[in-house]
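J.: I have a structure here, written as structure tokens, and I will follow up with some questions on it.
The values are calculated or read from the model by the stated rules, or taken from the named source; none is laboratory data. Just so you know, these numbers come straight off a predicted model, no measurement behind them. Note that we place each Cβ from the backbone using ideal geometry, even for glycine, and neighbour counts take in every protein chain shown.
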Amino acid sequence: MARDNLNDLQAFVLVAREKSFTRAAAQLGVSQPALSHTIRSLEARLGVRLLTRTTRSVSTTEAGDRLLQTVAPRIEEIEAELDAVSELRDKPSGTVRITATDYAIQTVLLPRLSGLLNKYPDIRIEFVTDYGLSDIVAQRYDIGVRLGDQVAKDMIAARIAPDMRLAIVGAPAYLTRRGMPKTPQALVDHDCIALRLPTHGGLYAWELRKGRRSLQVRVEGQLVFNGIYPMVDAALAGHGLAYVPEDLVAPLVAAGRLAWVLEDWFPTFPGFHVYYPSRRQHSRALALVVEALRYRV
């Protein structure tokens, strides 16, 4: 009975988090009717309703929310301990879920982890591209990657890249047509290729610095993206100015396909850091990933 109770609680946690019987059933590898029966049986044993079901959504009741907040962390600890015990075998294994921007994945994570993947074929890595400041605990990621000044203080963090400089660039044809901005304030009169951040839903304000002066410019233009790489493509096509990592576009500037704009205002930010919660028991696979990513001067 105790094992059945644990399985039922795991099923409840998954349904509550996914807010969908269909998605939860697919992850558990069971039919939706079977999963519904499991939840109804759990509610009957407890004598309270845990989930409110409509034709369009599933949400937790007050009792369900309390059970979710209490039980979910303990189930995660049990799963982590079981993973740790299983890794006492000769070869580390398991899946490490990482959330990061596409730029971080392509320029830092994949190059650093290539050797690790070849050495440990039983380790799997799932990358989730995300420009939002996601809660990695709530979203059940093992680790996240952000710029150093964006990491929450209660996380364990390790630097994985040098400081990053952001740059403004434009195609020569665009600058010939619209002119070269002389001041940051002049950017409001230009077509600027914007980045939308999902966390707040707004457009990312361009942060510029010159000596001790620092300012933010809220730019606008005809194009808005949610990733860095299409912004570079749009700039190359002459659709406006883009605010992107300097290292990404330096070869294009050297080749004459793009040009620096307001170069003396380019800001520098703390480089990418990998971070993860301190309270959870970590698997050997995750420890190997973090060590492989660690920045060494």
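J.: Take the residues in the range 149-168 that are of a type in the set (V, I, T) and within 19 Å of T107 (Cβ to Cβ), then tell me which one is modelled with the highest pLDDT.
T.: I160
J.: For the range 78-95: of the residues being assigned to a helix (DSSP H, G or I) and either in contact with a Leu (Cβ under 6 Å, 6 or more places away or on another chain) or among the β-branched types (V, I, T) (or both), which is modelled with the lowest pLDDT?
T.: Among residues in the range 78-95 that are assigned to a helix (DSSP H, G or I) and either in contact with a Leu (Cβ under 6 Å, 6 or more places away or on another chain) or among the β-branched types (V, I, T) (or both), the one modelled with the lowest pLDDT is V85.
J.: Given the residues L215, L208, which is the only one that is exposed (fewer than 15 other Cβ atoms within 10 Å of the Cβ), more than 22 Å from the chain's Cα centre (by Cα), more than 30 Å from A292 (Cβ to Cβ) and not hydroxyl-bearing (S, T, Y)?
T.: When all the criteria are applied, what remains is L215.
J.: Still on this structure, I have one more. Look at the range 1-35 and say how many of its residues are over 24 Å from A138 (Cβ atoms) and either crowded, with 17+ Cβ neighbours inside 10 Å or in contact with a strand residue (DSSP E or B) (Cβ under 8 Å, 6 or more places away or on another chain) (or both).
T.: Going through the range 1-35 one residue at a time, the tally reaches 0.
J.: Applying the selection to the range 122-132, what residues are over 10 Å from G94 (Cα atoms) and either within 8 Å of the chain's Cα centre (by Cα) or surrounded by fewer than 17 Cβ atoms within 10 Å (Cβ to Cβ) (or both)?
T.: E126, V128, T129, D130, Y131, G132
J.: Which residues, counting only those in the range 48-65, are part of a helix (DSSP H, G or I) and among the aliphatic types (A, V, I, L, M)?
T.: Passing the criteria: only A63.
J.: Still on this model: Inspect all residues belonging to the range 16-30 and state whether any of them is over 31 Å from the mean Cα position of the chain (by Cα) and at pLDDT below 90.
T.: no
Yes or no, residue by residue, for (1) charged (D, E, K, R); (2) assigned by TED's automatic domain parsing to the domain that holds V261:
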position	(1), (2)
A100	no, no
A104	no, no
L113	no, no
Y141	no, no
R146	yes, no
Y174	no, yes
A186	no, yes
D191	yes, yes
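J.: Does P198 meet the test of being surrounded by 15 or more Cβ atoms within 10 Å (Cβ to Cβ) and either under 26 Å from the mean Cα position of the chain (by Cα) or outside any helix (DSSP H, G or I) (or both)?
T.: No; evaluated as a whole, the condition is false for this residue.
J.: Would it be correct to say that R97 is over 14 Å from H282 (Cβ atoms) and either of a type outside the set (A, V, I, L, M) or crowded, with 16+ Cβ neighbours inside 10 Å (or both)?
T.: When the stated conditions are applied, R97 does not pass them.
J.: Just to be sure, is V71 surrounded by 17 or more Cβ atoms within 10 Å (Cβ to Cβ) and either within 21 Å of R140 (Cβ to Cβ) or of a type outside the set (D, E, K, R) (or both)?
T.: Here the answer is no, as V71 does not meet what is asked.
J.: Additional query: Given the conditions (1) surrounded by 18 or more Cβ atoms within 10 Å (Cβ to Cβ); (2) under 27 Å from F269 (Cα atoms); (3) of a type in the set (V, I, T); (4) not assigned by TED's automatic domain parsing to the domain that holds R257, which single one is not true for I168?
T.: (4)
J.: Let me ask something else. Return the residue satisfying two criteria in turn: it lies in the range 264-282 and is at pLDDT below 95 and part of a loop (DSSP other than H, G, I, E, B), and of such residues it is farthest from R146 (Cα to Cα).
T.: So the residue we want is Q281.
J.: For the range 222-263, what are the residues that are part of a loop (DSSP other than H, G, I, E, B) and under 26 Å from the mean Cα position of the chain (by Cα)?
T.: Correct list: L223, N226, G227.
J.: Considering I98, I125, I156, I75, which residue is aliphatic (A, V, I, L, M), out of contact with any strand residue (DSSP E or B) (no Cβ under 7 Å at 6 or more places or on another chain) and either farther than 20 Å from P198 by Cα or outside any helix (DSSP H, G or I) (or both)?
T.: I75
J.: Is there a residue being surrounded by 16 or more Cβ atoms within 10 Å (Cβ to Cβ), among the charged types (D, E, K, R), over 19 Å from the mean Cα position of the chain (by Cα) and not in a strand (DSSP E or B) anywhere in the range 284-293?
T.: yes
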